[in-house]
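Have a look at the structure that comes next, please.
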Amino acid sequence: MKSSTQHMDDLLVKHLTGEATEAEMLQVEQWLADDEANKHYFEHFKLIWEESVQLASVTAVDEHAAWQRFQNRVQEGSFETQKTARVWSMNAPLMRAAIVTGLIIGIAVLMYFLFQNNPGNVIRMATIQAADAVTADSLPDGSIVTLNKHSQISFPEKFPGKKRSLQLNGEAFFNVKPNKEKPFEVHTNNVTITVVGTSFNVRSRGDTTEIIVETGVVKVATEKQTVVLTAGQKALTSLNQTILQKEANTDQLYNYYRSKKFVCDETPLWKLVEKLNEAYNVQIVFGNDALASLPLTTTFDNEPLDEILNIIKSTFNISVTKEKGKIILR
């Protein structure tokens, strides 16, 4: 597990400069809602930013003098916001340099002040990342997460407040430890998934998000809609829409990276091919579009790709050829 104490500070800077993505904005908002100490921390952080903007109103930057001004303000215990109206342009190179200089100085002083005088208010963030292999690990509350390849979650080292919140990029299966007093939340793309104790799979690739419930009950919410899923159901949505499509889950292919099995039950061939491409890092394509919808019922249990392709070949009486880095089904 890789810990990053600066993760939230980076997000706060992006939030204040208007560069945060929608997912990062949600993470900041959730962090602020989780604990009053976080709000206190952010207020100091914001004041430092405003001091940095104030530095940009001068025509010349004296870095030593700026550093001394910040030190003096810390020693005096004065972090009052400047209320004088000011007009400035981000397009001027000198202004941008002044802002960056002031922000770096300010954050350095802020971090020193907080860590030395009130370290209990600092929320330490942790990250679990799966690169080229599936990774399983435990969370601070005892829940277990299994990350598919090229996936990542970020979360506090200790869940503060009344929620257990984390951010997901990629795909993961969660087996959540029950706690009705402290719901478990997953944030990804434009979706918030809330449970109290259950198991479910979340796949967020590109702008599409899919949630499949294995046990228990899961609440899935976008800005405009909320649906409740039970075991055997799934929901689909994308960033360019706020509508959640709720339907029955008809296959077990989502589970392949945990079970090492590809379970097909009248499953369209294109669905299997999609998972094979992910699992074996290959590019299988259809030379004949009509093959994509052919139904397949079988189970491949951690078998080599060539053996799987041979079974597909004999089952449908088709050809399998390798050309220019692609595997073509005809």
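Need the C-alpha centroid separation for the stretch 122-164 versus the stretch 252-305, integer Å.
Centre-to-centre distance over Cα atoms comes out at 28 Å.
If you don't mind, another one. As an exercise, use a Förster radius of 30 Å and the Cβ-Cβ distance of ASN317 and THR215 to find the FRET efficiency, rounded to the nearest 0.05. Walk me through the intermediate numbers first.
Values: r = 40 Å, r/R0 = 1.32.
Efficiency, rounded to the nearest 0.05: 0.15.
Sorted by accessible area with a 1.4 angstrom probe, largest first, how do HIS15, HIS187 fall?
Result of the area sort, largest leading: HIS15, HIS187.
Under a Cβ-Cβ cut-off of 14 Å, what is the net charge of the residues other than LEU26 that fall near it, where Lys and Arg count +1 and Asp and Glu count -1?
-4
Determine how large the accessible area of ARG258 is when every protein chain is in place; take a 1.4 Å probe and give Å² rounded to the nearest 10.
Its accessible surface works out to 90 Å², give or take rounding.
Might you work out the accessible area of ARG124 for me, using a 1.4 Å probe with all protein chains in place, and round it to the nearest 10 Å²?
Rounded to the nearest 10, that gives 110 Å².
Based on the alpha-carbon set only, what is the convex hull volume of the stretch 111-249 divided per residue, in Å³?
About 126 Å³ per residue, rounded to a whole number.
Then there is this: Can you give the accessible area of TRP31, probe radius 1.4 Å, in Å² rounded to 10?
Spelled out: TRP31, probe radius 1.4 Å, area about 10 Å².
Quick one: ranking LYS219, LYS271, LYS224 by accessible area, 1.4 Å probe, largest first, what do you get?
Solvent-accessible surface, decreasing: LYS224, LYS219, LYS271.
Within the stretch 256-277, which residues have the backbone N less than 19 Å from the label spot 7 Å out from ASP306 along Cα→beta-carbon, could you tell me?
276-277
Still on this structure: In what order, largest first, do ASP207, ASP289 sit by accessible area if the probe radius is 1.4 Å?
Greatest to least solvent exposure: ASP289, ASP207.
The values are calculated or read from the model by the stated rules, or taken from the named source; none is laboratory data. Remember, it's a predicted structure, so these values are computed and weren't measured experimentally. Here Cβ is always computed from backbone atoms with ideal geometry, including for glycine, and neighbour counts include all displayed protein chains. For accessibility, only protein heavy atoms count, side chains too; no ligands or nucleic acids. Shrake-Rupley method; radii C 1.70, N 1.55, O 1.52, S 1.80 Å.
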